[in-house]
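Okay, structure first, notes after.
The values are calculated or read from the model by the stated rules, or taken from the named source; none is laboratory data. Just so we're clear, the structure is a prediction, and the values are computed from it rather than from any experiment. Ideal geometry is used to build each Cβ from the backbone, glycine not excepted, and the neighbour counts take in all protein chains shown.
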Amino acid sequence: MKSKPLLHITGWILLSLAAQAPAQDSLLDRPQLGGNLLGLRDLLGAHGTELRLESTQFYYGDLAGSGPEKLELGGKTDVFFAMDGQKAGLWPGLFLNVHGEYRYGDASAAAGTLTPVNAAMLSPRDQDDVFGFTHVVLTQAFSESVLLSVGKFNTVDLADRTFLGGRGVEGFMNTSFVAPPIAGRTIPVSTLGAILSVLDEGKPLFNLGILDSRSSGTDSGLDGLDDEELTIIADYTFYTQWGGHTGTHTFSGSYSTLNAYSFDASDYLRPPTGGPIIAFQQSDSWQLTYLFEQYLCEWGDESKNGWGIFGMLAWSDGNPNPFEYSAVLGLGANGVCAARPHDRFGVGLFWNGVSRALKSTVRPLTRIDDEYGVELFYDAAVTPWLHFGADVQFVHPVLSGNDDAIFAGLRSRVIF
């Protein structure tokens with residue numbers, strides 16, 4: 001079963017190489033392995049469309065702890081499609097963005113952790129070989145600063161930032177760094193919704209949206225919104241220039257009408273269970289988050305190149321959210337130096353405070369503690385389209401009976 005994805009990837013590589021014209025740029029310098037595909041990319045671009053394919057392989061697992069100590073193979077193939085409606089012959093201000101994901105193998109690891117340590121393997125489903133469209137969104141721009149987006153949203157894509165986020169394929173892998181885990185109970189990885197956005201000179205300023213609190217996963221999700229399963233989200237970002245270097249500060253929050261148990265599993269969370277538990281469903285969940293990213297130095301033509309620090313503080317009602325508070329702090333680099341503009345580096349600490357409600361609910365069966373740990377990664381660009389990375393995580397898992405765990409492994413990514 002695991003050989004099929006490798007054959008698919010090999011086929012894409014051979015097709016891409018076979019489609020090259022001698023006059024195209026060097027194989028080692030082009031941004032995608034396939035280059036211009038004999039002018040196909042230019043042709044698509046002239047009609048307002050763009051197609052991109054990425055394939056990421058993981059060799060990852062638990063090296064120490066209470067889980068099976070082994071490394072396993074797994075991976076993702078991501079397909080991205082974008083269309084500018086005006087260039088495609090429709091009307092001004094219309095945009096379409098699609099993200100399809102094929103997940104295969106197993107490199108997710110567990111060892112009693114509540115937040116998954118390999119976020120990339122959560123979607124479109126956290127097990128089996130499966131494909132799904134996790135992001136299909138139509139956006140209408142009413143002006144240069146006001147946009148309305150509707151459709152099926154991939155919330156991991158929405159959470160992508162400079163040093164945090166990244167889908168787990170090029171930056172941090174632990175879910176605590178990829179998406180705020182304190183919202184993991186009520187905001188699925190892929191779900192139906194609508195978001196109104198306000199921009200300031202092309203940069204995000206304010207977002208207000210409404211999402212379905214139930215995950216659509218590999219389903220279409222286009223079956224309407226239930227007023228008993230809605231999550232309202234909002235965020236505001238302001239920008240600073242401290243010491244001449246860029247900084248962002250984002251305040252966000254959400255409120256949900258979802259009825260849920262604090263120990264329910266969700267797309268982002270794996271609370272421990274082991275038998276019958278006496279508990280009551282809770283609703284009217286809320287969370288507040290503050291997130292900052294501050295560059296310490298910047299260089300090059302690309303505005304995101306440089307080193308910086310980041311942090312996050314979040315609070316919630318603690319029931320049905322399994323966390324009452326969450327904190328992240330770290331150091332990251334996009335382009336570690338002028339000679340390595342495509343390499344990425346990051347080291348970060350996370351602490352997720354398990355709610356008193358969840359602790360008391362599972363106490364008849366087991367004892368759980370706060371979950372905390374540290375992650376370190378380096379992602380090296382052999383070429384702009386071929387990346388190799390290494391990642392290691394030290395995690396104190398939520399199950400108090402489990403040993404502290406060490407997760408580690410390698411990953412590779414090809415941009416076609």
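Looking only at the stretch 39-62, how many residues end up being of a type in the set (A, V, I, L, M) and under 27 Å from the mean Cα position of the chain (by Cα)?
Within the stretch 39-62, residues that are of a type in the set (A, V, I, L, M) and under 27 Å from the mean Cα position of the chain (by Cα) number 2.
Go through the stretch 153-195 and give me each residue that's surrounded by fewer than 24 Cβ atoms within 10 Å (Cβ to Cβ), of a type in the set (A, V, I, L, M) and assigned to a loop (DSSP other than H, G, I, E, B).
Correct list: 159, 169.
Residues checked against (1) modelled with pLDDT of 90 or more; (2) touching a strand residue (DSSP E or B) at 6+ places or on another chain (Cβ under 8 Å); (3) farther than 19 Å from residue 285 by Cβ:
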site: 325; (1), (2), (3): yes, yes, no
site: 331; (1), (2), (3): yes, yes, yes
site: 336; (1), (2), (3): yes, yes, yes
site: 343; (1), (2), (3): yes, yes, yes
site: 346; (1), (2), (3): yes, yes, yes
site: 353; (1), (2), (3): yes, yes, no
site: 359; (1), (2), (3): no, yes, no
site: 363; (1), (2), (3): no, no, yes
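Out of (1) surrounded by 23 or more Cβ atoms within 10 Å (Cβ to Cβ); (2) part of a strand (DSSP E or B), what's the single condition that is false for residue 324?
(1)
Which members of the stretch 352-373 meet the condition of being crowded, with 16+ Cβ neighbours inside 10 Å and either part of a strand (DSSP E or B) or among the basic types (Lys, Arg) (or both)?
352, 353, 354, 359, 368, 371, 372, 373
Have a look at 38, 90, 114, 53 and point out the one that is in a loop (DSSP other than H, G, I, E, B) and surrounded by 17 or more Cβ atoms within 10 Å (Cβ to Cβ).
Matching residue, one of 38, 90, 114, 53: 114.
Yes or no: the stretch 78-94 includes at least one residue that is over 28 Å from residue 148 (Cα atoms) and at pLDDT 75 or above.
no
Test each condition in (1) of a type outside the set (Phe, Trp, Tyr); (2) under 22 Å from residue 398 (Cβ atoms); (3) at pLDDT 95 or above for residue 137 and report the one that comes out false.
(2)
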